[in-house]
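Okay, structure first, notes after.
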Amino acid sequence: VIDPHELMEQHGADALRWYMLCGGSPWASRRIGDAQLEDVVRKVLLTWWNTASFLTVYSDANHWAPGTTGEPTLLDRWVLSELHATVRDVTESLEAFDSLRAGKRLERLIDALSNWYVRLSRRRFWEGDPAALTTLHTCLSTLNTLMAPFTPFLADHLHDALGGTDSVHLEAWPTVDESLVDDGLNDQVALAHRLV
């Protein structure tokens, strides 16, 4: 028998919560231990954390504040489309009590932000492009709200780090802006990802 308190001391309560909600179907048997929680921390929580840290470093270095905008690029439009498609999908999943499907969709957004958007936009962040900073801030602020039911402690910490007021748990649930969802663009970028 594994003591849950020891797992939470070593990996954090959010890692354990994420694994229990998104690590498999609730009716299926699952093994739980250090290896599974290390995987959650590495693939989900640290990737999310590092993306938020990246934004704070470059927004501070360029003296950027929320509200400053610029001309969005095709890449900005794609990631905002992915964000709003994620809001739609996660909301539908949670309304159907399907935390596994919601978690998988959130993992896809975290991967898209970190491994595609940030990597392909690094030069823009170095140069302090307000459109890139605004887009990433919008994505991370919305992601924090979506992640709050799963990982309440980390979501609240990152909410504060990104300039949020009060608590992420007092924020209104994000709404979908269907005008920003571009399924054709999402399909084209998904094809490019497969080719790469």
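The values are calculated or read from the model by the stated rules, or taken from the named source; none is laboratory data. As the structure is a computational prediction, the values presented were derived from the model and not from experiment. Ideal geometry is used to build each Cβ from the backbone, glycine not excepted, and the neighbour counts take in all protein chains shown. Heavy atoms of the whole protein, side chains included, go into the accessibility calculation; ligands, DNA and RNA do not. Shrake-Rupley method; radii C 1.70, N 1.55, O 1.52, S 1.80 Å.
Rounding to the nearest 10 and keeping the result within 0 to 90°, find how far the Cα-based axis of helix 13-22 lies from the longest principal axis of the chain.
90 degrees
Over all directions, the average projected area of the alpha-carbon convex hull for region 18-118 comes to how many nm²?
Over all viewing directions, region 18-118 projects a mean Cα-hull area of 7.9 nm².
Taking chymotrypsin sites (Phe, Trp or Tyr not before Pro) as candidate sites, keep only those in a DSSP loop with at most 16 other Cβ atoms within 10 Å, then name the longest stretch of the chain containing none of them.
98-196
What figure, in Å² to the nearest 10, do you get for the accessible area of MET20 with a 1.4 Å probe and non-protein molecules left out?
About 100 Å², rounded to the nearest 10.
Tell me, what is the percent relative contact order of the chain, built from C-alpha pairs under 8 Å that lie six or more residues apart?
Computed value for the chain: 28 percent relative contact order.
Inverting the mean 1/r over all pairs of different Cα atoms, compute the Kirkwood radius of the chain and quote it in Å.
17.5 Å
At 1.4 Å probe radius, can you tell me the per residue accessible area of region 20-141 in Å²?
It amounts to 52 Å² per residue over region 20-141.
For labels at GLN10 and ALA192 in the simple 7 Å Cα→Cβ model, what's the distance in nm?
Output for this residue pair reads 4.1 nm.
Apply 1/(1 + (r/R0)^6) to the Cβ-Cβ distance of SER29 and LEU94, taking R0 = 25 Å, and write down the FRET efficiency to the nearest 0.05.
So, using R0 = 25 Å, E works out to roughly 0.55.
What does the convex hull of the Cα atoms come to per residue for region 78-131, in Å³?
66 Å³
At 1.4 Å probe size, with the rest of the protein present, what percent of the exposed accessible area of the chain is carbon and sulfur atoms?
That share works out to 54 percent.
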